[in-house]
1. Could you list, in sequence order, all residues of segment 90-106 that are open to solvent by 10 Å² or more (accessible area, probe 1.4 Å) and in a helix (DSSP H, G or I)?
2. Contact list please: Cβ distance under 7 Å, first residue in segment 139-164 and free of Cβ contacts under 8 Å to residues at least 24 places away in the same chain and part of a helix (DSSP H, G or I), second residue open to solvent by 10 Å² or more (accessible area, probe 1.4 Å) and small (Gly, Ala, Ser), pairs at least six apart or on different chains.
3. Of the residues that sit in segment 385-420 and are touching a Leu at 6+ places or on another chain (Cβ under 6 Å) and part of a helix (DSSP H, G or I), which one is surrounded by the fewest Cβ atoms within 10 Å (Cβ to Cβ)?
4. I'd like to verify a number: residues in segment 387-416 that are more than 27 Å from Val333 (Cβ to Cβ) and touching a Phe, Trp or Tyr at 6+ places or on another chain (Cβ under 7 Å), how many?
5. Take Val42 and decide whether it is outside any loop (DSSP other than H, G, I, E, B), closer than 18 Å to Leu215 by Cα, modelled with pLDDT of 75 or more and open to solvent by less than 50 Å² (accessible area, probe 1.4 Å).
6. Output the residues belonging to segment 356-376 that are open to solvent by 10 Å² or more (accessible area, probe 1.4 Å) and farther than 13 Å from Ala392 by Cα.
7. For segment 421-450, give me each residue that is among the charged types (D, E, K, R) and touching a Leu at 6+ places or on another chain (Cβ under 8 Å).
8. Quick one: what pairs do we get from segment 291-315, first residue part of a helix (DSSP H, G or I), second buried (at least 17 other Cβ atoms within 10 Å of the Cβ) and of a type in the set (S, T, N, Q), C-beta under 6 Å, 6+ apart or different chains?
Amino acid sequence: MMGDMASEEIRTATSTPIRSSAGTGADSETPSTRAWRTRLVVVGIVLTALNLRPAITSLGALLEEVRDGLGMSGSVAGLLTSVPPLCFAVFGVMAPRLARRFGAAAVVGAGMVAITAGLVIRPYAGGTAGFLAASALALMGIAVSNVLMPVIVKRWFPDRVGSMTGLYSMALALGTSAAAAVTVPLTDALGGSWQSGLAVWAGLAAAAVLPWIPLVRARGGAGGSHGFGSSEAAGGSHGLGSSEAAAAAAPQEADGLRITRSRTAWALAVFFGLQATAAYITMGWMAQIFRDAGVAAGTAGLLLAVTMVMGVPLAFVIPRLATRLPHQGPIAVVLGACGLAGYAGLYFAPAAGAWAWALLLGVSNCAFPLALTMVGMRARTGAGVAKLSAFAQSTGYLISIPGPLLVGVLYQHSGGWGLPIALMAGLMIPQIVVGIVAGRNRTVEEEAAR
């Protein structure tokens, strides 16, 4: 069923005309060339999205083995689960500047190379410090791709933001859940070595490099500059699409946007941060919560996979629903309520109702595709989306850094999961509130102008 939906999205996306600006070289492209290039972008988006979480959820499934192998304490393991949001905050803010300099396709392609290298090196780095450094390399690639995916969607498919964000989010959820589900069985099949179980995911990242190579080479052949779309504006025909030229035609508008003056931008950043906090606590610790409750390691990995796989259908549905509603706040309320119910279940009966809690938390984690969709809806232009995406994600990931670390500290010093789960549930309340604010029908450009 997912394959049918993805095929339909590829057909409809490639049949959607890309907006062009007057005087761009994209007008000289033949329809077949433009369709081929658009299909390649869709493939690149899907493969990239598949690789944006396995580096994290594969580690969550084997966290106990990694802790034992590297001699980590609970607090150090908590630090390890805080590394992803830290890297996303630090490196994500660099993405728009890198994309203006080298082009979005080149930056995303380089990001996939960084993920591949980090996943190959990480298990064999020979100590906690090396493990953290190699993880940071992989997470750097994830960070820049996180920020640029909404930008690429907005510029290639400006009239299909909801459906293309849904396709991208669905692929992201599939990669997340697959890594959680099969990492333990793969590790067993490879001889029981946690190093092999983690390193195997580098192959998927390497495959994601391939679609971006011809796009980058074609862009270089255009002879244009390296901005988001400046080669098209200059008359080149091989850049990232003529919709980018439309955005590049108004660089002064992009440079003049004071994103920090927008209440919606701040609300969206806090919403993004709180949902990221919940997501990384879930990915890093939920399997361990179930294992400590008496659930077998393989079953705990499957429960984490169930939580992640809920994002496959819902990540496709939620963005489409969100774009059709005048206010996205009610969706944020429903997702938050599911999170509160799931955490209550983990607190009172973690093993007895494990499958139900996994399902509820999976629904709650779909705040991520909602946040991505609102990034595309809360800005009027491609340049505005780039600034809003970088601001919301970098600020949001900074907000989320203490969460997983605090969970590890509370777990080690309290000797149980009661306090950490109470913390997770408590954070759902402000997430609902700022989700309502971020869901209002307005744009950051309007608010910044006022």
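1. Within segment 90-106, Val90, Phe91, Pro96, Arg97, Leu98, Arg100, Arg101, Phe102, Ala106 qualify.
2. Within 7 Å, no pair qualifies.
3. Only one residue fits best here, namely Leu419.
4. The qualifying residues number 1.
5. When the stated conditions are applied, Val42 passes them.
6. Correct list: Ala356, Trp357, Leu359, Leu360, Val363, Asn365.
7. If the condition is that a residue be among the charged types (D, E, K, R) and touching a Leu at 6+ places or on another chain (Cβ under 8 Å), then Glu445 is the only one that fits.
8. Ala305/Ser177; Met308/Thr176; Met308/Ser177; Val309/Ser177; Ala315/Ser169
The values are calculated or read from the model by the stated rules, or taken from the named source; none is laboratory data. Please read all numbers here as calculations on a predicted model, not as lab measurements. Glycine also receives a Cβ, built like all others from the backbone with ideal geometry; neighbour counts cover every protein chain displayed. We work out accessible area using only protein heavy atoms, side chains counted, and drop any ligands, DNA or RNA first. Shrake-Rupley method; radii C 1.70, N 1.55, O 1.52, S 1.80 Å.
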